[in-house]
Amino acid sequence: MRSRDDIESYLARAEVPYEEVGEDGMWLVRDSSLGETIAIQAADSLLLFRVKVLELKEVNDKAALYEALLRLNASDLVHGAYGISDAAVVLTCTLQLENLDYNELQGVLDDFSLALANHYEKLSKFRVAT
């Protein structure tokens, strides 16, 4: 099973800006394309990735948003999936720590970065105009 040091090494090798938060195996990675923060947490035998994309209170047509998210999950995401948590749209992924390697971690970070960049405009149209 991979350790915190292994994950830290993978993040350094990926050359992404990150910081470890506390001592419980959590890192915050700043996505360079839009400045979003990807939270990574080691929990038991899993490595969890999560980024908040959109607050649901900002959405004017939730049914259309949900359909768009399902379509994106089916067609555009390799490693992650959109979901709803704490009244927000989130992009998440889970990897097993037992067999984790650098390429898997880099693949998730790349997938998240591409999703945030490519889906931003599609998902922004669901925001209520202010």
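Throughout, read-outs are computed from the coordinates displayed, never taken from laboratory work. Not measured: the values here are computed from a predicted model. All Cβ positions, even for glycine, are placed from backbone atoms using ideal geometry, and neighbour counts span all protein chains on display.
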Task: Tensor-based shape of the stretch 60-130 (alpha-carbon gyration tensor, a/c under 1.5 rounded, otherwise prolate or oblate) - done: prolate
Task: the chain: angle of helix 102-124 to the longest principal axis, Cα-based, in degrees nearest 10 - done: 20 degrees
TODO: For Lys122, list the aspartates and glutamates whose Cα falls under 20 Å from its own Cα; do not include residues on the same chain fewer than 8 positions away.
DONE: Asp31, Glu36, Glu55, Glu58, Asp61, Glu67, Asp76, Asp110, Asp111
TODO: Please determine, in degrees from 0 to 90 and to the nearest 10, the orientation of helix 4-14 with respect to the longest principal axis defined by the Cα atoms of the chain, where the helix direction is its Cα long axis.
DONE: 60 degrees
Task: Helix axis angle, 62-75 relative to the chain longest principal axis, alpha carbon, degrees - done: 50 degrees
Task: Charge dipole (the chain, unit charges on Cβ, about Cα centre) - positive-most of Gly107, Ser45, Ser9 - done: Gly107
Open item on the list: If I take all pairs of Cα atoms in the chain, what percentage of them are more than 27 Å from each other?
Closed with: 20 percent
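When only C-alpha pairs under 8 Å and at least 6 residues apart count, what is the relative contact order of the chain, in percent? All intermediate terms of the calculation are to be shown ahead of the outcome.
Working: 183 pairs, mean separation 32.9, N = 130.
After rounding, I find 25 percent.
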